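Have a look at the structure below, then the notes.
Nothing in this text is a laboratory measurement; each read-out follows from the coordinates by a stated rule. Quantities reported herein were computed from a predicted structural model and do not represent experimental measurements. Cβ atoms come from the backbone with ideal geometry, glycine included; neighbour counts cover every protein chain shown.
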Ligand code: G4P
């Protein structure tokens with residue numbers, strides 16, 4: 001029997017949609033030291049992606065100090081796999097996206113979260129919600145990303161779990177729905193109750209396995225079984241029973257829909273370091289985190305919904321990393337696929353430039369290895385090596401007509417003047433600064449008058465990283481100096497209004513890397529002042545590339 005082309009096409013769409021539905025693409029957000037690196041590693045262990053502890057940890061430790069962090073940047077060639085880690089487990093493909101931990105990189109984090117379908121919020125059980133948790137949470141809320149909460153370090157003295165739930169509800173306006181409940185914490189941590197299965201999962205301090213291996217935890221047992229007394233004394237048992245009743249009475253039952261809409265967060269407890277509660281968390285990610293969904297894009301100017309099962313391959317670049325290999329000036333663009341069945345060797349077109357590229361060496365990142373990606377589906381992230389063709393925010397598709405929005409540049413919070421020590425190298429400096437700006441890490445403004453460049457960043461650390469990279473990758477010694485500017489705003493409006501404004505403020509006008517006009521204000525007050533005096537000109541805090 002032969003099938004009609006229409007039926008074949010329909011079958012292939014079903015196949016593509018089914019593949020996309022297997023994807024779980026998520027990021028971990030946390031305040032530094034809450035345990036993101038330890039949890040990442042233990043999720044990879046739980047998912048069978050790595051066999052021994054230590055592979056990811058080493059990097060977490062290195063991140064502690066600034067100089068080490070820069071070294072890590074230089075060594076991107078080997079540590080780049082941290083940007084995304086893919087593993088196949090329990091019939092699902094998990095893509096774990098790494099978000100930079102330092103607050104100076106919030107713009108980068110924001111963009112990474114645009115590529116995630118869900119986030120795991122890790123809290124230190126002793127500290128609850130910390131400043132950086134709150135900041136990252138707000139980014140997730142802005143993007144309507146559903147959040148799973150993992151309360152970590154239960155093997156240490158923790159806050160009262162009821163107080164942590166109150167904090168989640170109060171500070172984040174999110175309904176916490178605990179799926180488990182801990183018995184004690186610190187030295188008295190005995191395990192946790194699994195509400196759905198009505199079973200108790202005992203915590204073991206020390207496993208029986210060989211040194212260096214993960215601690216083994218005894219199997220779960222029915223909560224009502226007699227053998228529970230081997231793990232909990234009568235007081236502990238009655239406390240757990242009472243608390244479990246109390247929390248179930250006081251909190252709303254877990255509702256997947258409410259979670260997907262960003263109103264509710266399922267709460268897990270555990271100890272990433274002791275590999276406790278991690279299997280349950282991974283199971284929860286698989287069960288509740290959403291697969292990739294449809295995205296509203298523009299097709300030739302008109303709104304169009306792109307579905308994961310659509311035949312046309314499409315995606316957007318949310319991150320670019322340059323100089324991963326110091327011998328080659330190539331860059332890797334991280335493309336989050338939004339639809340279709342990508343195959344190696346395929347030709348994709350960049351929407352805004354119309355450039356076509358053959359993706360012959362796409363990379364997928366499996367824990368510690370990189371591999372050539374033969375195929376990929378919506379939700380997957382592939383690395384595309386290129387020579388500056390791809391930039392953050394680019395939309396790629398087979399037709400080249402699709403454009404995805406939502407990857408803005410934010411007005412920098414610090415603006416500095418940059419000079420190269422050797423004046424003969426001024427030309428090189430321009431190229432190098434443009435290269436770094438194209439990666440989307442820092443922003444570059446060229447004042448209309450004068451020859452200096454102004455570099456903008458969200459935080460001071462970015463300047464240090466930048467100076468380090470300019471020295472190592474471009475052999476340029478640079479000096480950053482205070483600039484007279486406090487704020488940068490993209491100016492938009494009718495041509496005549498803009499020209500009028502620009503003509504009167506030539507000394508403070510600049511262009512960004514896309515030649516878009518930017519007003520450099522000396523104080524926040526000045527921004528307010530010009531906004532009032534020129535009501536027809538818009539002074540934008542963020543911009544999306546045209
Ligand atoms: P981060 O990526 O969020 O910054 O945190 P990271 O995983 O590096 O963990 C920060 C510290 O917290 C590390 O301790 C780590 O061992 C510890 N930690 C993480 N999860 C747990 C847990 O469940 N229980 C306990 N008790 N500790 C945990 P460190 O002393 O800074 O480093 P190390 O000397 O242990 O390597």
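See the values below:
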| item | result |
| --- | --- |
| Neighbour-count order for 492, 289, 140, fewest beta carbons within 10 angstrom listed first | 492, 140, 289 |
| FRET efficiency, residue 90 to residue 355 (Cβ-Cβ, R0 35 Å, nearest 0.05) | 0.30 |
| Zone residues, the stretch 459-481, relative to residue 135, backbone N less than 11 Å from point 7 Å out along Cα-to-Cβ | 459-461 |
| Once the Cα gyration tensor of the stretch 418-505 is diagonalised, semi-axes √(5λ) in Å | 27, 14, 12 |
| Using alpha-carbon coordinates, inclination of helix 5-21 to the longest axis of the chain, degrees | 70 |
| Two-site label geometry, residue 219 and residue 525: point separation in nm, points 7 Å out along Cα→Cβ | 7.4 |
| Ranking of 230, 12, 339, 199 by count of other Cβ atoms within 10 Å, fewest first | 230, 12, 199, 339 |
| Rounded FRET efficiency, nearest 0.05, which uses the C-beta distance separating residue 434 from residue 198 and R0 of 60 Å | 0.50 |
| Unit Cα scatterers, Debye sum, the stretch 343-418: log10 I(q)/I(0) for q = 0.26 Å⁻¹ | -1.32 |
| Cα long-axis angle, helix 460-474 against the chain (0 to 90 degrees, to the nearest 10) | 70 |
| Percent antiparallel among DSSP beta bridges (both partners in the chain, rounded to 5) | 80 |
| Evaluated over the stretch 263-353, the Cα radius of gyration and Dmax, each in Å | 18.8, 52 |
| Stretch gain in nm, segment residue 514-residue 421, where the contour uses 0.36 nm per residue and the Cα spacing is subtracted | 30.8 nm |
| Residue order, fewest to most beta carbons within 10 Å, for 452, 198 | 198, 452 |
| Helix-only mean residue ellipticity at 222 nm for the chain, each DSSP H run of n ≥ 4 adding -39500 (n - 2.57), per residue, nearest 500 | -9000 deg cm²/dmol |
| Per-pair calculated FRET efficiency, R0 = 22 Å: residue 389 and residue 142 via Cβ, rounded to 0.05 | 0.15 |
| Cα-only Debye scattering, the stretch 408-468: base-10 log of I(q)/I(0) at q = 0.13 Å⁻¹ | -0.31 |
| In degrees, nearest ten, helix 495-504 long axis to first principal axis of the chain (Cα) | 80 |
| Chain lengthening between residue 538 and residue 241 when straightened (0.36 nm per residue, less Cα-Cα) | 101.0 nm |
| Length added when fully stretched, residue 126-residue 302, from 0.36 nm per residue minus Cα-Cα | 58.3 nm |
| The stretch 300-406 - convex hull of the alpha-carbon atoms, volume per residue in Å³ | 96 |
| Shape box of the stretch 157-282 [Cα atoms, principal axes, largest first, Å] | 44, 33, 26 |
| Label-to-label distance, nm, for residues given as residue 375 and residue 13 (7 Å Cα→Cβ offset) | 1.9 |
| For the chain: relative contact order, % (alpha-carbon pairs under 8 angstrom, 6 or more apart) | 14 |
| Mean projection area, nm², convex hull over Cα of the chain | 29.7 |
